[in-house]
Amino acid sequence: MVVDAEVLKLELRKRLTPGWFLVGIILLGGLIIAVRRFACGLGAVTNLSDQIPWGFWIGFDVVSGVALAAGGFTMAFIVHIAGDKAYRPLVRPAILTAFLGYIIVIVGLLFDLGRPWNIWRAIFWWNPHSVMFEVAWCVMLYTTVLFLELLPVVFEGLRAEAPLRMMRRIAIPLYIVGIILSTLHQSSLGSLFLIVPTKLHPLWYTPMLPVLFFLSALTVGAAMVIFEAFLSSKLMKRGLELELLSKLGRYLAFIDLFYVIVKVQDLGKRGAWGHAFTGSYESIFFIVEMLLFILPLFVLFNARARMQRSLLFTSALMVVLGLVLNRINVSLVGIIRGTGGSYFPNWQEFWISAFVVVAGALVFGLITRFLPVFPKEEAEPGKASVA
Amino acid sequence: MHKGLLIDFTKCVGCGACADACREVNDLPQPDPAGSPPQDLDGSNYTVVLTHEAAGKEPLHYRKLCMHCEEPACVSACPVGALTKRPDGPVVYDSGLCFGCRYCMTACPFQVPRYTWERLAPVVSKCILCYHRLDKGQEPACAAVCPTGATRFGPRDVLLRIARERIKAHPELYVNHIYGEREGGGTDVLMLSPVPFEQLGFRTDVPHKALPDLTWVVQEKIPNIVLTGGVFLGGLYWLVNRRMRLAKDSERPCEEQDQ
């Protein structure tokens with residue numbers, strides 16, 4: 001008995017690293033705030049107001065979250081439709097991330113919606129004029145499609161051959177439907193803001209919003225795949241497909257450049273560049289956003305720099321941050337002045353967002369442990385394979 | 001035919017009877033009589049009477065409320081149709097359908113809809129033009145109780161004609177601007193004022209066109225995107241797949257290959 005307690009203590013000490021401690025705090029606090037949110041109402045945990053009815057949860061959890069899930073359809077397109085099979089090992093993790101990303105979006109939405117118990121009404125009460133209607137349907141349908149795209153992984157894990165064969169037969173149509181839904185969904189999040197021409201700052205308000213949202217989603221799709229590969233290699237002690245990721249970095253360079261060109265031209269055409277250098281807080285947020293998209297180009301177009309782990313990782317991270325900043329700029333920063341309101345997130349809003357993301361990452365880790373999401377690693381000496 | 005309100009600020013004496021009547025017929029909580037009257041729309045005030053003071057001039061009283069757009073941005077924005085425009089004018093809200101996305105609040109160019117943030121089942125709060133009274137053949141409460149005729153109910157075209165005539169008859173009394181005639185493509189609430197509307201806190205940057213068109217130009221393309229996208233992706237897959245199959249075939253030694 002004495003030995004058991006000692007072993008347990010040792011084991012606990014080994015497991016209870018500061019990282020896990022932090023995770024525990026975030027989850028525990030998140031649960032408490034979650035209860036507060038539903039027991040005391042939106043007013044108790046958010047700084048939202050009649051002027052600023054959409055805050056950090058919409059800007060980060062939902063609008064950014066959907067974009068950060070873009071790796072799924074981007075990789076599905078590259079590998080299964082355009083036929084670049086070299087990237088195959090990256091598809092499954094990307095689709096799992098997309099699926100969990102969408103779950104995070106849905107959970108984030110349930111926190112944010114005022115009357116979440118009515119959400120099912122979107123299925124039966126239609127208003128096709130509403131961009132939000134399109135958004136709601138895209139969330140529902142694409143989450144379903146992502147689940148179906150993941151089923152083969154589950155069947156493989158269970159060694160269920162018959163359903164696996166069936167899923168393989170519908171794989172391509174599924175990927176096509178998924179890509180179309182993603183195209184609609186990514187762009188529709190931009191379209192949401194077409195109806196606020198007087199509220200959204202001219203640095204961001206443009207009829208091109210849906211196009212820009214779609215292009216930046218394609219960009220961040222690749223960046224997220226690279227970013228995550230680095231993370232999971234670090235956290236789960238996996239190998240890193242550096243050469244493959246570097247190649248993906250070149251794709252990222254081209255699509256990023258294309259996005260930047262379209263964006264630069266759009267601002268020029270609307271004569272909005274004057275707003276970029278006024279020193280207003282909008283202009284500063286805008287410049288930082290643009291730099292986060294532009295600076296990585298210098299690394300990504302340089303074959304040698306691209307092969308350096310730290311540079312490749314930093315570039316991908318910058319694009320991811322740039323994307324998040326862009327979404328927050330459009331849905332929040334660029335809107336505050338136009339409404340005459342003021343807003344800074346309540347600490348509980350930040351906490352819930354962290355809670356949802358951390359929980360999602362934990363589920364990701366669990367699933368990859370039990371299901372064949374990552375390709376089998378080449379046998380490394382002295383390393384037990386994770387079944 | 002759309003009916004609405006004409007609110008003439010020059011005739012308003014600031015008695016607040018309209019706001020009181022509004023709260024009463026719409027079952028909104030009455031404010032503390034000892035406290036100061038509400039200074040802005042909120043979850044329990046569909047309309048407020050405000051006072052504008054300028055040096056050397058009589059204080060000016062005016063109202064704020066939902067403008068009841070002819071083509072409302074909020075109605076087009078609502079995913080489930082919880083907000084609707086009735087054929088007789090009012091823009092009305094059904095909390096039973098609403099799931100609380102608050103896109104209506106974001107979309108409204110006049111920044112009218114309010115939210116009851118403190119409630120567990122929050123609702124969107126805004127003037128509904130007393131549609132329940134209209135159904136009984138009555139006027140909206142605010143127009144019915146207004147002692148000076150500053151708020152007047154009627155068909156929009158009639159109200160618009162009256163407003164134009166008043167400006168024409170007394171150009172020295174009014175600014176030459178009927179707020180709501182063109183704003184947001186036109187609204188069923190029209191306002192006349194002796195001072196420019198922006199000085200009273202009204203948004204004068206509202207485009208003179210229906211805002212729902214801004215999103216509809218994109219929404220109407222969805223079927224097209226689905227069709228062309230499907231054909232493009234299917235075609236691309238077929239092409240790529242065929243080329244890869246042919247490439248594989250040609251690698252295989254095969255007697256019939258040269259035929």
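The values are calculated or read from the model by the stated rules, or taken from the named source; none is laboratory data. Treat the numbers as computed from the prediction; the structure is a model and nothing was measured. Here the Cβ positions follow ideal geometry from the backbone for every residue, glycine too, while neighbour counts run over all protein chains shown. Heads up: the accessible areas ignore ligands, DNA and RNA and are worked out on the full protein's heavy atoms, side chains in. Shrake-Rupley method; radii C 1.70, N 1.55, O 1.52, S 1.80 Å.
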Conditions (1) open to solvent by 10 Å² or more (accessible area, probe 1.4 Å); (2) more than 9 Å from every other protein chain (Cβ to nearest Cβ): number failed by B:Val75 | (2)
More than 30 Å from A:Pro197 (Cα to Cα), modelled with pLDDT under 95 and open to solvent by less than 80 Å² (accessible area, probe 1.4 Å): does that describe B:Asp258?
-> no
Those residues of the stretch B:113-129 which are of a type in the set (Gly, Ala, Ser) and touching a residue at least 60 places away in the same chain (Cβ under 8 Å) amount to B:Ser125
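Table: residues versus (1) within 11 Å of another protein chain (Cβ to nearest Cβ); (2) exposed (fewer than 15 other Cβ atoms within 10 Å of the Cβ).
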position: B:Ser193; (1), (2): no, no
position: B:Pro196; (1), (2): no, yes
position: B:Gly201; (1), (2): yes, yes
position: B:Pro207; (1), (2): yes, no
position: B:Leu211; (1), (2): yes, no
position: B:Trp216; (1), (2): yes, no
position: B:Glu220; (1), (2): yes, yes
position: B:Leu233; (1), (2): yes, no
Residue identified as open to solvent by 20 Å² or more (accessible area, probe 1.4 Å) and not polar (S, T, N, Q) among A:Ile226, A:Ile195, A:Ile261 | A:Ile261
Is it the case that the stretch B:103-114 has a residue that's farther than 23 Å from A:His129 by Cα, open to solvent by 20 Å² or more (accessible area, probe 1.4 Å) and within 9 Å of chain A (Cβ to nearest Cβ)?
-> no
Checked against (1) within 11 Å of chain A (Cβ to nearest Cβ); (2) at pLDDT below 95; (3) open to solvent by less than 40 Å² (accessible area, probe 1.4 Å), B:Leu97 satisfies every condition except (2)
Take the residues of the stretch A:181-224 that are within 19 Å of A:Ile287 (Cβ to Cβ) and more than 15 Å from the chain's Cα centre (by Cα): which is farthest from the other protein chains (Cβ to nearest Cβ)?
-> A:Leu203
For the stretch A:153-176, indicate whether the set of residues that are in a helix (DSSP H, G or I), among the hydrophobic types (A, V, I, L, M, F, W, C) and buried (at least 21 other Cβ atoms within 10 Å of the Cβ) is non-empty.
-> yes
Name the pairs whose Cβ atoms lie under 7 Å apart, with the first residue in the stretch A:165-176 and without any contact (Cβ under 8 Å) to a residue 60 or more places away in the chain and within 17 Å of A:Phe155 (Cβ to Cβ), the second of a type outside the set (Phe, Trp, Tyr) and part of a helix (DSSP H, G or I), and 6 or more positions between them or separate chains?
-> A:Met167/A:Leu151; A:Met167/A:Pro152; A:Arg168/A:Pro152; A:Leu174/A:Val145; A:Leu174/A:Leu148; A:Leu174/A:Glu149
So which residues in the stretch B:114-137 are out of contact with any Gly (no Cβ under 8 Å at 6 or more places or on another chain), in a loop (DSSP other than H, G, I, E, B) and charged (D, E, K, R)?
-> B:Lys126, B:Lys136
